[in-house]
Each structure stands twice: as C-alpha cells, then as structure tokens.
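Here is the structure we will look at.
The values are calculated or read from the model by the stated rules, or taken from the named source; none is laboratory data. Keep in mind the model is a prediction, meaning the values are calculated, not measured. Cβ atoms come from the backbone with ideal geometry, glycine included; neighbour counts cover every protein chain shown. In case anyone asks, the SASA skips ligands and DNA or RNA and just uses the protein heavy atoms, side chains included. Shrake-Rupley method; radii C 1.70, N 1.55, O 1.52, S 1.80 Å.
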Amino acid sequence: MTQTLIKNGSIISMDRKIGDFNRGDILIEEDKIIKIARTIRAPNARVIDADGMIVMPGFVNAHIHTWQTGLRGIAGNWSIPEYLHGMHANIAPQYTANDTYLGNLIGSLNQISNGATTIFDWCHNNATPGHTDAAIRGLQETGIRAVFGHGSPKPDAKKGQLPYTHMPHPGSELERLRKGFFASDNNLITLAMAALGPDFSTWEVTEHDFKLAKELDLIISAHVWGAPNRMNKDGYQKLAKMKLLGPNHNLVHGVYLSNSELKLIVDSGASITVTPEVELQMSHGIPLTGRLRELGVQPSIGVDVESNISG
C-alpha cells in the first residue's frame, strides 16, 4: 500500500470528533485518509512538509459555468439581460467542442488552484454530443471531483423554429450518458440535469424535465429568479402537488421568490445555491443568504461565471 504523510500542518478537519490541530499530521493510504493526529510515525511513507500551511478539506464551488473560462472578463460590465443575449445568442453558438474542452480543462485547474476541489459544472452549451463529451473529458483530465450538469443551448429562435423555452430537455442524450460514462454514481464525476426550470420554460417542458430527472434518478438544477414576468408563476406549487419537488432539486439564485414560495421549496428538502458576487454585480437582486438562514437552512455558494467575475 502506498502511503503519504502530510506533516506539521495547521489542520482544520471540519469534523467535531477529530477536532483541529495547530500542528499535526495526516496519514493517507492510497487515496484515503486513515489517521489524523498530532504526531504520526510512518517510516515508509512519502512525506509532504506542510509547515506554515493550512490543511483542510477542499472548498465546494456549487455553481460554475466552467465552459466560459476562456471568456474571462468579457461580461465584466454586463447586466443580466445583456449577458443572456450576448453570451447565449451570440457567443455560445460559435463554440466548437474543443473550445468547450479547453474551458472545462483550464477552468477546473483554476478551481483546484484556488482550493475548490469539487464543483457543480453547470454546462449549458451542449450543442452536440461532441460538445458534451469534450466537456466531460476536460473535467476528467484534471482529477477534479465534479457534478456535471448537462444543459441545453439557448440561442435566438430562427424563423419557423420553436424557442428554447418550448423544447424539453433531450432525454435521449441523458440516457446515453446514464448508460455510458455515468452508469455508476461512484466516480469522481457524476451526472445531473441542468434544466430550464419553471422560470424559463413552458409548464409542459417543466413537467417533462422534472419527471425525466426522477425517472433517471438525477439531481435537477435550475436557474430561478422568481420575478413577476417568469413563465410559470405557480410552477413550484404545481411541482409540489405532483410530488416532483424534493431533495433531488437544486435551485440557483431565487432572489425574487416570495417568502411562502421559498418556504415551500425549503420544506421540500431542495437545496439552494447563491452566487452573491454575480447576483450583485449583474443586478440580479439581493442574495437569499439572510432569508434562508431565517428559515433555518444554509445555502451552498458558487462563483457562477468567470466571464463576469473572478473564479
């Protein structure tokens, strides 16, 4: 068995039973931590000297569109309407599969460099299966732990075409992934659905997507604002009545949700992710953090888009 000994680090274990150490050692065997103590003897282990360093679990970046890393800063002064049109209608359709691969590769390496060893990669520019496979390969080659959220493009509809708001999530593509690369949920990279959700799709599409996620046993994540002009003002009430709202749902943003709607979502067990810097920078609204804490829960936190802010 290959052993690695991290010595003399300031250890923040995030585990109440283990506690923290101003100075301590961590012994790793293969890819598992087997002991944490003030001093560990392991004469055959490879030693990493962590003197003067903090040793702790990696951060979790719960929402990032990693494919946009190559566009860092381009949307630095864009509002959300400018972003939605400029990014999704103009820039995203120009992306090749290799562009997506490079974005995910460099973006994931940057996250690891920043201390985030786990990400929810909300990949919503999968124009073809080739783009999807390239995005996954970019994650895989870095060794990062990731939830890969398979999303769909959002271009302007051409004459005679249905807008993306009326198009169900491509079930055949999710099934291909579920039977192939993501047949197991025990890998470093697992699958989720990055869906349009009740704010950005017709009710028929919303119902289809949530049922598909339940059928495939996937997390279904959605961008939600809760603004008055959303497509389904009672979407969450309907989902709750149909028993489609629960712990497998992840809601991102939600800054304009009413208190009653927010409580319904929280009580269902759904997770909520805030992206505070982007929400403030792009004038989304005030992040939900305080309102969620008043309800007794905490949000997860993401950076969202490096096209707008630092990763």
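Structure above, values below:
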read-out: Residues of region 108-128 that turn out to be part of a helix (DSSP H, G or I), closer than 20 Å to Ile219 by Cβ and either in contact with a Phe, Trp or Tyr (Cβ under 8 Å, 6 or more places away or on another chain) or without any contact (Cβ under 8 Å) to a residue 60 or more places away in the chain (or both), as a count; value: 1
read-out: Cβ-Cβ under 7 Å pairs, at least 6 apart or on other chains, region 42-54 side touching a residue at least 12 places away in the same chain (Cβ under 8 Å) and open to solvent by 100 Å² or more (accessible area, probe 1.4 Å), far side assigned to a strand (DSSP E or B) and among the β-branched types (Val, Ile, Thr); value: Arg46/Thr4
read-out: Condition check for Ala89: open to solvent by less than 70 Å² (accessible area, probe 1.4 Å) and touching a Pro at 6+ places or on another chain (Cβ under 7 Å); value: yes
read-out: Unique residue being modelled with pLDDT under 95 and either in contact with an Asp or Glu (Cβ under 7 Å, 6 or more places away or on another chain) or of a type in the set (A, V, I, L, M, F, W, C) (or both) when the list is Ala75, Ala134, Ala116, Ala62; value: Ala75
read-out: Neighbours by Cβ (under 8 Å, 6+ apart or cross-chain): first from region 148-170, within 30 Å of Asp185 (Cβ to Cβ) and at pLDDT below 95; second part of a helix (DSSP H, G or I) and open to solvent by 50 Å² or more (accessible area, probe 1.4 Å); value: Ser152/Tyr164; Pro153/Pro93; Pro153/Tyr164; Lys154/Leu84; Lys154/Tyr164
read-out: From the options Leu102, Leu174, Leu191, Leu196, residue that is touching a Gly at 6+ places or on another chain (Cβ under 7 Å), at pLDDT 95 or above and of a type in the set (A, V, I, L, M); value: Leu102
read-out: Selection count where residues are open to solvent by 10 Å² or more (accessible area, probe 1.4 Å), under 15 Å from the mean Cα position of the chain (by Cα) and of a type outside the set (Phe, Trp, Tyr), scope region 117-128; value: 2
read-out: Answer from Gln94, Gln140, Gln111 - the residue that is more than 27 Å from Ser300 (Cβ to Cβ) and polar (S, T, N, Q); value: Gln94
read-out: His131, sole failed condition from (1) open to solvent by less than 10 Å² (accessible area, probe 1.4 Å); (2) outside any loop (DSSP other than H, G, I, E, B); value: (1)
read-out: Every residue from region 134-164 that is open to solvent by 40 Å² or more (accessible area, probe 1.4 Å), basic (Lys, Arg) and not in a helix (DSSP H, G or I); value: Arg145, Lys158, Lys159
read-out: Tally of residues being surrounded by 13 or more Cβ atoms within 10 Å (Cβ to Cβ) and at negative phi across region 247-259; value: 8
read-out: Residues (under 19 Å from Asn259 (Cα atoms) and open to solvent by 60 Å² or more (accessible area, probe 1.4 Å)) located in region 275-293; value: Ile286, Arg291, Arg293
read-out: Identity of the residue in region 260-274, touching a Pro at 6+ places or on another chain (Cβ under 9 Å) and touching a residue at least 24 places away in the same chain (Cβ under 8 Å), that ends up most open to solvent (accessible area, probe 1.4 Å); value: Ser271
read-out: Residue match in region 23-34 (condition: touching a residue at least 12 places away in the same chain (Cβ under 8 Å), more than 30 Å from Asn187 (Cβ to Cβ) and not hydrophobic (A, V, I, L, M, F, W, C)); value: yes
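Conditions (1) outside any strand (DSSP E or B); (2) surrounded by 15 or more Cβ atoms within 10 Å (Cβ to Cβ); (3) in contact with a helix residue (DSSP H, G or I) (Cβ under 9 Å, 6 or more places away or on another chain), marked per residue:
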position: Glu175; (1), (2), (3): yes, no, yes
position: Ser184; (1), (2), (3): yes, no, no
position: Thr190; (1), (2), (3): no, yes, no
position: Met193; (1), (2), (3): no, yes, yes
position: Ser201; (1), (2), (3): yes, yes, yes
position: His223; (1), (2), (3): no, yes, no
position: Ala227; (1), (2), (3): yes, no, no
position: Leu244; (1), (2), (3): yes, yes, yes
